[in-house]
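Report on one structure; see the data block that follows.
The values are calculated or read from the model by the stated rules, or taken from the named source; none is laboratory data. Given the structure is predicted, the values throughout are model-derived calculations rather than measurements. No Cβ is skipped: glycine too gets one built from the backbone with ideal geometry, and neighbour counts run over all protein chains shown. Accessible surface areas use protein heavy atoms only, side chains included; no ligands, DNA or RNA. Shrake-Rupley method; radii C 1.70, N 1.55, O 1.52, S 1.80 Å.
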Amino acid sequence: MKDGPVIASVAALIGDPARANILTALMDGRALTVSELAGVAGVTVQTASGHLTKLSEAGLLIAEKQGRHRYFRLSGADVAQVLEALMGLAQRTGAVRVRTGPKDVAMREARICYDHLAGEAGVALFNGLTTRNYLEVSEQDALQLTSEGREFFNGIGLDPQPLENKRRPLCLHCLDWSERRHHLGGALGAALLDMMLEQQWLRREQGRALHFTPAGRQAFNHHFSCQ
């Protein structure tokens, strides 16, 4: 089977501005209602419903009904990874607006990419783990945890073993759109972000942006700084 028609079909879905805004709004891992996504996309609820139907039928979104509302979320981390890569391509080719504002600065510093840490902080975390030999690239170009890495994560209270029993890969490198370098995805990346939020190293801002607490910044630098 040729891949061209399949790629073209998915690209056409993502390429619509309203649908692109809907998908981007869901990149922080939350589930949103039709009316919330209509506001993000700048369209009526009826139009948003049509877009959501197409995206769901294509397998890019999944819907969950709770009470009177239907909630939509990305169908998986791979969808967010594709969107993140497309943002990076747009950044590299200059297909972005020239003016930036405070929101852009916050997003570049630290943000959620589906369920893991991205932005400057995400790249710094990835670099720290690889520099300290906690992560390494295998001969098959796959990212894997080293024995030193297992010891380190157990030491900070994050046991990698249960994560390895999941269907999702333990470690993945995800190309960061603003830094154009890799940050850590996969089950381990998600577990790390959960830990940072639970221990209040990070606080969620509006949308995808994250903000370090003073104590959280100190702990982050202690564990992951390359210096």
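Angle of helix 120-131 to the longest C-alpha principal axis of the chain, folded into 0 to 90 degrees and rounded to 10: 40°.
The calculated FRET efficiency for Ser56 paired with Arg181, based on their beta-carbon distance and R0 = 35 Å, is about 0.60. The relative contact order of the chain, computed from alpha carbon pairs under 8 Å that lie at least 6 residues apart in sequence, is 18 percent. GNM on the chain, alpha-carbon springs under 10 angstrom: the most fluctuating residue among Gln144, Gln66, Gln200 is Gln66.
Running a GNM on the chain with Cα contacts under 10 Å, which residue among Gly155, Gly15, Gly67 ends up with the highest mean-square fluctuation? Taking springs between Cα atoms under 10 Å, the residue moving most is Gly67. Dipole magnitude for the chain: about 800 debye, using +1 per Lys or Arg Cβ and -1 per Asp or Glu Cβ, origin at the Cα centre. The mean accessible area for residues of the range 119-180, using a 1.4 Å probe and ignoring ligands and nucleic acids, is 56 Å² per residue.
Rg to Rh ratio, the range 78-208, alpha-carbon atoms and Kirkwood radius?
0.98
With both labels modelled 7 Å from their Cα along Cα-to-Cβ, the Thr93 to Lys166 distance reads 3.3 nm. In this simple spin-label approximation, Ala20 and Arg150 carry label points 7 Å from Cα along the Cα→Cβ vector, and these lie 4.5 nm apart.
GNM remark for the chain: springs join alpha carbons under 10 Å apart, and the peak mean-square fluctuation among Arg68, Arg217, Arg204 falls on Arg68. Think of the chain as having a plus end and a minus end, set by charges on the Cβ of Lys, Arg, Asp and Glu; of Leu52, Gln144, Gly29, Leu52 sits farthest toward the positive end of this dipole. The C-alpha atoms of the chain define a longest principal axis, and helix 4-15 lies at about 80 degrees to it. Projecting the Cα atoms of Gln200, Ala63, Leu210 onto the charge dipole of the chain, computed from C-beta unit charges around the Cα centre, puts Ala63 farthest toward the positive end. A simple spin-label model places the labels of Gln66 and Arg132 3.5 nm from each other, with each point 7 Å out along Cα-to-Cβ.
Sorted by mean Cβ packing within 10 Å, highest first, what order do the peptides 168-177, 130-139 take?
168-177, 130-139
Diffusion coefficient (Stokes-Einstein, Kirkwood radius over C-alpha pairs, 37 °C, 0.692 mPa s) for the range 136-197: 265 µm²/s, rounded to a whole number.
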